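Have a look at the structure below before the remarks.
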Amino acid sequence: MSAAMDTESTYSGYSHYSGHSKKAHRQGRDRHKSPRSKDGSRSEKSVTIQTPPAEPLLGNDASRAEEGQDDNWGETTTAITGTSEHSISQEDIARISKDLEDSVGLDCKRYLGLTVAAVLGLLVFLTPIAFILLPQILWRDDLEPCGTVCEGLFISVAFKLLILLIGTWALFFRQPKADLPRVFVFRALLLVLIFLFVFSYWLFYGVRILDSKDTNYQGIVQYAVSLVDALLFIHYLAIVLLELRQLQPMFTVKVVRSTDGESRYYSLGHLSIQRAALVVLENYYRDFTVYNAALLTASKSRAAKHMAGLKVYNVDGNNASGQSRAMIAAAARRRDSSHNELYYEEADHERRVKKRRARLVVAVEEAFTHIKRLQAEEQQKAPVEMMDPREAAQAIFPSMARALQKYLRTTRQQQYHSMESILQHLSFCITNNMTPKAFLERYLNPGPTLQYDRDRWFSKQWTLISEEAVTSGLQDGIVFVLKCLDFSLVVNVKKIPFIKLSEEFIDPKSHKFVLRLQSETSV
């Protein structure tokens, strides 16, 4: 690691110190701007999907500060003292307090639902046992003797309750993946159905058995067995409604990211809008490339540069219409040459990317060759002197650090790869005896969002915007939006058309023919 620090200190200078200071001021301004943009969209009719909180409230600001510190890990390490990089305003305090209230409300709602379901489940499992034990406790001497059939029913009740317990654990006792804005309609209906069902059984048991002190104990046990059988049928109904109903594809949804237009298609079954939004978000983190705002600044800077080159002089007085016509005419003249500028800019960018990519590939191959040579030398020594993979990664990292940093800056990926994450990936590749090509795959080909560190892409809160109720089912033509702080996902729903297939029978004899040869020729 000392070699890496020597390499870093070599390229340090006053220019990097000023770059760090400017970057810190820019980050402070961005933090003040982001709450205003978020508050500006509160007038829209929307509901919120929030994942379980696993980070502090200031996690996003901390990650931005960490990104600012890691931008120059390949060249310099500069310490800035005497100034504070974090500031807070009244809008930040209001936003933090609102997020805290929302998280507390969502936690209370989730725990309340779990408590109600747990109490109802405990009541369901204790009810058949109570039906069997209460007569033995209250009027044991008056009961008729339990025969062989009655004792066999005890075994039936025990095994059915065990099967019901295992099925309930597999279907309902799962870690929640997200907090949905509204209740799950089918699950709420099942809970209401189970409550009414158990209540009706208790009502009949209290009126016909407890009040009259029925002495037919075999009939009482048979009554408990019928309750367990009905509960098993309700569990089968829950499997059909919660799991099997949504398996058959009925709709095709197109998901478009609003910033860069990247899109994917998915097939969904009968789902509500909020559950379809949850499926879309799960697939988004797996299939979409990571969102990189730096790639979108080139077109904005190009447009700003073109508009900055236009100057209008008003010599006739205050003539707004004349100025607008002059601006339009000048923009039309410059538009004829803008495509040439775009072409040469993209060609130059591709040339620089290819050049720095070639340098990076050569540097990594040389570093891996060096580590293989070190491993061959270490094998000849005693086992206690073998080099650790982390130490080997730190030894070869300085030789590729500058080429890797230049490539990441050229492709605008430096905010997603810190020096520590690269060292961990390098030590992982060395441990598993991976090739240089396997090491570079993460950096040469932008992967899905889940490939990168969670702190750099994870959005704790998504807002679901829909004209229809989020508990209603998907229909043809429905459009809803999933919005986070930096971008939004526009989802368009189309129903899979009804396909009609017809069969056409081909007679096998129609493919046969007879070749008749004439014995006489024309010679």
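Just so you know, all these numbers are worked out from the coordinates, no wet-lab data involved. Quantities reported herein were computed from a predicted structural model and do not represent experimental measurements. Here the Cβ is made from the backbone with ideal geometry for all residues, glycine too, and neighbour counts use every protein chain on show.
Using a simple spin-label model with points 7 Å from Cα along the Cα→Cβ vector, what separation in nm is obtained for LYS254 and VAL479?
1.1 nm
How much FRET efficiency would the formula 1/(1 + (r/R0)^6) give for ALA376 and PHE204, where r is the Cβ-Cβ distance and R0 is 60 Å, rounded to 0.05? Working shown, then result.
Details: r = 83 Å, r/R0 = 1.38.
Given R0 = 60 Å and the Cβ-Cβ separation, E is 0.15.
Calculate, for ASP388 and ARG182, the FRET efficiency according to 1/(1 + (r/R0)^6) with r their C-beta to C-beta distance and R0 45 Å; round to the nearest 0.05.
0.30
Quick one: which residues, 5 or more positions from TRP139 or on another chain, have an amide H under 5 Å from its amide H? H modelled 1.01 Å from N in the peptide plane, none for Pro or chain starts.
Residues meeting the criterion, in which the H sits 1.01 Å from N, do not exist here.
Set the Förster radius R0 to 30 Å, insert the Cβ-Cβ distance between TRP169 and GLN218 as r into 1/(1 + (r/R0)^6), and round the FRET efficiency to 0.05.
Plugging the Cβ-Cβ distance into 1/(1 + (r/R0)^6) gives 0.45.
Per residue of the range 406-411, in order, report the coupling 6.51 cos²θ - 1.76 cosθ + 1.60 (Karplus, θ = phi - 60°) as ³J(HN,Hα) in whole Hz, putting x for Gly and Pro.
Ordered by residue, 3J(HN,Hα) equals 5, 5, 5, 5, 5, 8 Hz.
Which residues does a label at LYS495 reach in the range 234-273, if reach means a backbone N under 19 Å from a point 7 Å past the Cα toward the Cβ?
Residues 245-254, 266-273 qualify, since their backbone N sits under 19 Å from the label point.
Whole Å is fine, so just give me how far the alpha carbon centre of the range 123-162 lies from that of the range 475-501.
The distance from the Cα centre of the range 123-162 to that of the range 475-501 comes to 53 Å.
Across the range 204-210, in residue order, what do the Karplus-derived ³J(HN,Hα) couplings come to in whole Hz, using 6.51 cos²θ - 1.76 cosθ + 1.60 with θ = phi - 60° and x for Gly and Pro?
Whole-Hz 3J(HN,Hα) from phi for the range 204-210: 5, 5, x, 7, 8, 10, 5.
Is there a quick way to get the dipole size of the range 145-302? I mean about its Cα centre, with the Cβ of Lys and Arg at +1 and of Asp and Glu at -1; what is the value in debye to the nearest 20?
Values: 15 positive and 10 negative charges, 157 e Å.
It comes to approximately 760 debye.
Note the full-extension length gain between TYR236 and GLU441 as 0.36 nm times their separation in residues minus their Cα-Cα distance, in nm to one decimal. Don't jump to the answer; show the numbers that get you there.
On the way: separation 205, 0.36 × 205 = 73.80 nm, distance 4.69 nm.
So the extension gain works out to 69.1 nm.
Relative to the compact globular guide of 2.2 N^0.38 Å, what is the alpha carbon radius of gyration of the range 103-246, as a ratio? Don't jump to the answer; show the numbers that get you there.
Working: Rg = 18.0 Å, N = 144, 2.2 N^0.38 = 14.5 Å.
So the Cα radius of gyration is 1.24 times the expected 2.2 N^0.38 Å.
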